[in-house]
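What follows is a short report on a single structure.
Read-outs throughout are calculated quantities, based only on the coordinates presented, and are distinct from any laboratory measurement. All values reported here derive from a predicted model rather than from experimental measurement. Counting neighbours? That spans all protein chains shown, and the Cβs are built from the backbone with ideal geometry, glycine included.
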Amino acid sequence: MSISSMHERVGLRATTLYQRVLYILGGGATRRFHTFTTIKDVTVGHHSYTVAWLCYLLTEKPSLNLIMAALAHDTAEQVTGDVPSPTKRLLGAQGQYMELESKLLHDNMANFVLTHDEENVLQLADKMAGMLECAHERNMGNKYVELCYQRWKGYIDNQTLADHELIIYAVVQQIWKEAIS
């Protein structure tokens, strides 16, 4: 099935303000971590809030587009689901998912043009937010989130970070250390 036919079948092209608001609501309510047992549900809304704040902390003067992209970046998961990156890689479908999610964001006027640097900040903030969500789960007693935490940490450990990014990354890791002690 092509992406456009799949998208038409799902019927999520916002043409009115009413439909856009419904898209935003549906995106924020989408459950994350469905492949892990969690004590507390984490929604895209919870996650995106954290990502937006991390983008703010990681950038001296974040643009409105960066903050809005942080808030919107996972809203397409109301259609695609929260498919873990390792699954996309195993299926060789990362490009197809990115294309579908980009189309859904575009069709719902939730795509925000970012510079290359802003795109990198958004990706870093997204990974750090996942790490923080794992630390929160661990604080509540969930001992099964370490694999998830280590996966996100591994993605960041393979990147070169600027000094200010390293400081925030160290804080995220400290929060994890406190959660496991």
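Take region 28-79, drop everything but the C-alpha atoms, weight them equally and run the Debye formula without solvent; then report log10 I(q)/I(0) at 0.17, 0.20, 0.31 Å⁻¹ to two decimals.
Summing over Cα pairs of region 28-79 leads to -0.54, -0.69, -1.13.
Using mean Cβ contacts within 10 Å as the protection proxy, how do 83-92, 133-142 order, highest first?
Put in order of decreasing packing, that is 133-142, 83-92.
Cut-off under 29 Å on the C-alpha distance; same-chain residues fewer than 8 positions from Lys177 excluded. Which lysines are left, in chain and number order?
Lys40, Lys127, Lys143, Lys153
Give the share of C-alpha pairs in each 5 angstrom bin for region 126-180, from 0 to the last occupied bin, in whole percents, shortest bins first.
That works out to 5, 21, 33, 24, 11, 5, 1, in percent per bin.
Over the Cα atoms of region 61-121, how large are the radius of gyration and the largest Cα-Cα distance (Dmax), in Å?
12.4, 38
Can you give the convex hull volume per residue for the Cα atoms of the chain, as a whole number of Å³?
Each residue corresponds to 119 Å³ of Cα convex hull volume.
If a/c stays under 1.5 just call it rounded; otherwise compare a/b with b/c (prolate if a/b is bigger, oblate if not). Do that for region 95-159, with a ≥ b ≥ c from the square roots of the Cα gyration tensor eigenvalues.
Prolate.
Considering only Met128, Met109, Met98, give the residue with the highest GNM mean-square fluctuation for the chain, with springs between Cα atoms whenever their separation is below 10 Å.
Maximum fluctuation in the GNM of the chain, among the listed residues, is at Met98.
Could you compute the FRET efficiency for Val171 and Leu17, with r as their C-beta to C-beta distance and R0 at 45 Å, rounded to 0.05?
About 0.70, to the nearest 0.05.
If each Cα of region 38-139 is one equal point scatterer, what is log10 of I(q)/I(0) from the Debye formula at q = 0.10, 0.12, 0.22 Å⁻¹?
Cα-only, vacuum Debye calculation for region 38-139: -0.28, -0.41, -1.28.
Quick one: which of 74-81, 151-158 comes out on top by average Cβ neighbours within 10 Å, and what's the full order, highest first?
74-81, 151-158
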